[in-house]
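S.K.: Please find one structure pasted underneath; my questions will follow.
Values in this text are rule-based calculations from the coordinates and carry no lab data. Note that this is a predicted model, so its numbers are computed, not measured. For neighbour counting, all protein chains shown are included, and Cβ atoms are generated from backbone atoms with ideal geometry for every residue, glycine included.
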Amino acid sequence: MTRGKVFVLLSLAVLALTLATPIPALSDFLNHLTRMHLLVAERAGDPSPYYAAAWGFYPNLAMDLIVPELARFFDVDTAARLFVAVSQGLLLSGAVAIELAVKRRFDYSGFVALLFAYSFPFAWGFVNFSFGLGIALWGIAGWIFWRDKLAARFVVHCLFVGALFVAHLFALGLYGFTLGVYELWRFSVRRSVGDFVGALAVLAAPALVAGAALIFFGGSVGQAGNSWDFGFKPLWLLVAANGYSTAFSTLIFAFLGLVALRLRRTQGLVVEQAGAWLAAGFALLYLATPQMLFDTAYVDVRVIVAAALILPGFFSLRFPDPVWERRAGLAGLALICANLGWVGWLWTSYRADYAAMIQSFGQIDRGSKILVARSQEESPFSGQTLEPMVHAPTLAAFYDKALVSSVMALKGKQPLMSRPGFEELNIQDAGSVTVDDLARIAGEKSGLFAGWPQKFAFLYVIGPPGENPLPGLVAPLRVERRFALYRIKPI
């Protein structure tokens with residue numbers, strides 16, 4: 001079987017898993033799915049008593065614009081699942097498109113993309129970014145393919161900038177950064193200053209127009225809050241390739257690193273076009289990018305994933321002998337299959353958990369106010385297999401017309417907002433608070449969670465089962481393997 005056919009079959013397996021899973025086990029995706037249900041229900045004349053659509057000129061609207069329209073033909077869950085599958089298809093095919101544009105042949109980029117099929121941004125449900133990055137990969141390929149045809153390149157570039165501006169702003173930034181470095185490389189080899197300035201003008205013009213429109217229409221790119229956390233920079237490779245398992249992520253990077261080092265020694269790692277420039281550029285960008293940007297988390301990890309999908313297109317592999325190539329290929333395929341099998345098992349296991357969560361809404365008074373907490377501190381390096389449960393309680397906002405403390409309803413980031421009078425109960429950090437925090441602040445009179453026993457009627461605790469963590473404050477209603485539901489006792 002040819003290399004291309006193997007890639008297609010494995011890609012279809014990845015997409016089939018998504019399409020066959022009723023609710024893909026992606027952490028933030030559950031919160032986004034809730035928003036899709038609320039937006040579609042409001043459009044159908046069945047609005048939430050606590051949430052309302054709040055459309056604005058936000059550069060983070062891919063899912064919000066696409067899924068409600070798909071929901072005219074499918075149920076919302078299916079429409080959201082199709083959106084996720086399209087995102088995966090764009091990422092896998094976009095990595096190959098860059099390689100074809102640079103090398104004019106299919107090599108190994110697609111298999112590296114398969115290794116990153118369940119990368120940290122995807123596994124944690126950053127669906128708009130994943131969709132936007134997929135579009136960016138195709139845009140980069142188009143720019144390179146039409147590099148000598150100014151008119152065609154400008155038209156295609158404008159279309160991609162417009163699509164990326166709507167889909168996700170950071171994906172647009174990665175697209176612009178990649179093309180900027182690529183044009184710097186072209187200038188360094190044989191281009192005149194005039195050609196270089198012209199290329200930069202073509203590159204910058206549509207982005208400047210989009211930025212001006214954002215200012216003119218009073219748009220927003222998010223909330224205030226930037227943090228670098230340089231101490232984590234050396235650690236993100238442990239989770240970047242697989243957001244569910246540090247072991248798999250570490251294995252993936254170890255495999256890629258060992259192959260690259262072995263080929264480097266035998267002069268088998270061949271730079272294509274701007275490969276060296278882009279590798280250095282992404283390394284510097286990673287160091288310079290905050291971990292938290294405009295109140296959006298794990299931004300620097302996204303740089304790693306983008307680099308992993310873009311850079312292989314600019315490097316060729318020349319193995320010292322067929323045996324070495326066959327062994328490396330088989331090891332890579334085994335890792336891809338093991339990665340897919342592990343995620344498939346995890347997603348399958350969540351079917352029962354999500355069904356139990358939805359069933360638990362029947363034990364809640366309709367229209368109630370619900371608080372969400374964790375049994376332990378959040379960490380991207382441990383307990384990742386529990387992350388897909390963190391946002392599951394938000395579905396009660398649709399199924400039970402409830403107010404759920406962790407629903408993403410920040411005006412300026414999502415086209416959904418809390419109705420007047422309920423803003424303080426939608427606590428965006430509710431997905432990170434622990435039961436120990438709640439015990440400590442139960443009697444406090446100020447702060448995000450102050451007086452929570454008086455404000456909320458029910459409590460979901462995400463984590464493995466155990467004894468009642470707050471026996472004086474809550475009474476158990478339902479205990480499952482990944483969550484527990486409590487009624488908050490009146491005080």
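S.K.: Return the whole-Å distance between the Cα centroid of the range 369-443 and the Cα centroid of the range 47-100.
M.R.: So the separation of the two Cα centres works out to 22 Å.
S.K.: Quick one: angle between helix 322-360 and the longest Cα principal axis of the chain, in degrees between 0 and 90, rounded to 10, please.
M.R.: With rounding to tens, the tilt is 20 degrees.
S.K.: Report, to two decimal places, the Cα Rg of the range 360-467 normalised by 2.2 N^0.38 Å (N = number of residues). List each step's numbers first, then the result.
M.R.: Working: Rg = 13.7 Å, N = 108, 2.2 N^0.38 = 13.0 Å.
Dividing the Cα Rg of the range 360-467 by 2.2 N^0.38 Å gives 1.05.
S.K.: Please give the charge dipole size of the chain, origin at the Cα centre, charges +1 on K and R Cβ atoms and -1 on D and E Cβ atoms. Round to the nearest 20 debye.
M.R.: Numbers: 39 positive and 32 negative charges, 225 e Å.
Once rounded to the nearest 20, the dipole reads 1080 debye.
S.K.: Tell me which label goes with the value of Cα extents along the principal axes in Å computed from the coordinates here: (i) 67, 54, 46; (ii) 75, 55, 45; (iii) 83, 64, 50.
M.R.: Comparing each candidate, only (ii) matches the computed number.
S.K.: Give the percent of DSSP beta bridges with both residues in the chain that are antiparallel, rounded to the nearest 5.
M.R.: Details: 19 of 27 bridges.
Percent antiparallel among DSSP bridges in the chain is about 70.
S.K.: On to the next question. Can you give the three extents of the C-alpha atoms in the range 55-318 along their principal axes, from longest to shortest, in whole Å?
M.R.: 55, 50, 39
S.K.: Per 10 Å bin from zero, what fraction in whole % of the C-alpha pairs of the range 1-89 is there, up to the bin with the longest pair?
M.R.: 15, 42, 26, 11, 4, 1
S.K.: Sticking with this structure for a sec: Order these peptides, 120-131, 470-481, by their mean beta-carbon neighbour count within 10 angstrom, highest first. It would help to have the intermediate numbers written out before the result.
M.R.: Working: 120-131: 26.1, 470-481: 15.0.
Highest mean packing first, the order is 120-131, 470-481.
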